[in-house]
Amino acid sequence: MEISDPVLQFLLALCMAGACSLAFYFYYRSWFRPQTVRRRLRQQGVAGPPPSFPFGNSLEMKRLVAEMKRRRGRGGEETTEIEHDYTPLVFPYFEHWRKIYGPVFLYSMGNVVALHVSHPDVVKEISLCSSSDLGKASYLKKTHEPLFGQGILKSNGESWSHQRKIIAPEFFSDKVKGMVDLMVDSATPLLTSWRETVELAGGTAEIKIDEHLRRYSADAISRTCFGSNYAKGKEIFEKLRALQNAVARPNFFAEITGLRCIPTKRAREVQRLNREVNALILRAAKEEDKEESGGEQPTQRNLLQAILRSASGSLECSDRFVVDNCKNIYFAGHETTAVAASWCLMLLALHPEWQARARAEAVEVCGGRSPDSNALQKMKILTMVIQESLRLYPPGAFVAREALRDVDLAGLRIPAGVNIYVPVTVLHHDASIWGPDPHRFDPDRFARGSSSSITAAAGCRPPHTYLPFGAGPRTCLGQNFAMAELKVVLSLLLLRFDFDLSPAYCHSPCMRLIVEPEHGVKLLVKQVQADSITS
């Protein structure tokens, strides 16, 4: 049927032109542009699995994960066998491609071109690169924006430099030394709760430790950085945890098309949680600002006050600046540390000889008192245990960077827009770097390092391949804080309790923004026969 009305003809032509434009935009964004970038890398000898339109290698990644689950048996049921080398289980596609293409290869996630780099020479260049041309990866940045916003963890350039100048001094070692007493105070409810649970159970109790450690870590970051405590910030932490789970699953359609206005159930949940978290943080910030302006000066200025002072003189939207950076510190300061503590206690329960050595050291160093900053400095064995735990189970699975402009690395010309992923787990389990049996828990690898050192890897050659806190200028600002927090809680727990792995523990590391125990860590906990310090 012919359409004779000129107006209808015009509207039909307009619709067809719009549809063609949309189709061309989708094709250009999802295939033509990334294919041009891939071609430039292939011309330099970088190989990789062939992508498919429009998903890149995402479908193959899902297929390999499904195959691994079937191989593990009974429809994906998790195994109780402890295999510390979890990379083949969590990231089977990387293992598969590394065997075919080597330590540096190319792959795609939708329209995102990614470079997998596990060659020590290239990793070294990334670690040493201080150019602003290499920044934080933007892949999934928009999807993760409700959790991180434009805070320090995701920002680049001038914005990142400005935020670093504000936040970095709050985590210098001298500042952290003054926080140790507050960390000890934060551990008191945890110690009391476990003692009561063990006594009620008749001497030995099975405890799922993860949420307990999250509460401790949340309280520690609240007291030291935000002038509050866990009870006051409980709602913020609970909603941040829910928001983390909601945004942890990648939204490939949104990343390829840039369309985020589709009101799916998940999108509505993320928006609701984001609004609630923002409101809670602003309320806490305004209370802190009111106390300071009202003359109620705290004994020690905290991070929140530093952020508030900077926001008040900033041309940026001050509310967003405060909220985004508080979210970043809340997440990085308590979630990753709590997960690291869970993995560490799991390994100590699995290795009673190291548990006994760390406990004996804590008894000797603390001398019947709670640990202080001087005691933490002397805990060499516990430092080695933590370092080895972070080697085997680094919370951050990747060091991720993006070439914001064309950049040269180890003889490769990497085009702008390429996302570079350094697999921390691969480097931490590489026999050529760590020697024979790299999957074995052996804190003696770090015996020649300083007890106060965070990343001293005497058994690691080259040392830049030990990356529990990231690499280069973007190395975690809170690493001194995290190590102090881990030493405090682990030494206090070792002084009071003995740990065995529960028969109900199911070993299943999984990726939820960070690598954590999918089913939690269950331990059999009993009190040490003679308490070594006063309660």
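Values in this text are rule-based calculations from the coordinates and carry no lab data. Every value quoted in this text rests on a predicted model; they were computed, and no experiment measured them. Cβ coordinates were reconstructed from backbone atoms using ideal geometry, including for glycine residues, and neighbour counts include every protein chain displayed.
In this label model, residue 63 and residue 286 are separated by 5.5 nm, measuring between points 7 Å along each Cα→Cβ vector.
Would you mind checking the tilt of helix 6-27 against the longest principal axis of the Cα atoms of the chain, expressed as 0 to 90 degrees and rounded to 10? Computed tilt is about 40 degrees. As a rough guide to protection, the peptides 122-129, 340-347, 7-14 ranked by mean Cβ packing within 10 Å, highest first, stand as 340-347, 122-129, 7-14. In this structure, residue 410 and residue 11 have a Cβ-Cβ separation that, at R0 = 60 Å, corresponds to a calculated FRET efficiency of about 0.60. What FRET efficiency comes out for residue 200 versus residue 356 if R0 is 25 angstrom and r is the Cβ-Cβ distance? Round to the nearest 0.05. Here the calculated transfer efficiency is 0.45. To the nearest ten degrees, helix 92-101 and the longest principal axis of the Cα atoms of the chain are 70 degrees apart.
Note on residue 119 and residue 275: the model spin-label points, each 7 Å out from Cα along the C-beta direction, lie 5.1 nm apart. Global size of the range 333-448: 18.5, 59 Å for Rg and Dmax (C-alpha atoms, Rg to one decimal, Dmax whole).
Residue exposure proxy: 487, 177, ordered by other Cβ atoms within 10 angstrom of their Cβ from fewest to most, comes out as 177, 487.
Listing 505, 27 from fewest to most neighbouring C-beta atoms within 10 Å gives 27, 505.
Between residue 267 and residue 181, what FRET efficiency follows from the Cβ-Cβ distance if R0 is 30 Å, with the result rounded to 0.05? Step by step, r from the Cβ atoms, then E = 0.10.
Straightening the chain between residue 518 and residue 36 buys 169.6 nm, computed as 0.36 nm per residue apart minus the Cα-Cα spacing. When you restrict to C-alpha pairs under 8 Å that are six or more residues apart and normalise by the size of the range 93-148, the relative contact order lands at 19 percent. I need 32, 226 ordered by Cβ neighbour count within 10 Å, fewest first. Result, fewest neighbours first: 32, 226.
With contacts taken as Cα pairs under 8 Å at a separation of at least 6 residues, the chain carries a relative contact order of 22 percent. Only helical runs count toward this figure. For the chain, summing -39,500 (n - 2.57) over DSSP H runs of n ≥ 4 and dividing by all residues gives -16000 deg cm²/dmol at 222 nm. Against the main long axis of the alpha-carbon atoms of the chain, helix 303-312 sits at an angle near 40°. When the listed pairs 69/526; 141/165; 136/234; 177/239; 327/487; 62/526 are checked against a 32 Å cut-off, the alpha-carbon distance exceeds it for 69/526; 62/526.
Reported to the nearest whole Å, the Cα centre-to-centre distance from the range 160-219 to the range 319-389 is 9.
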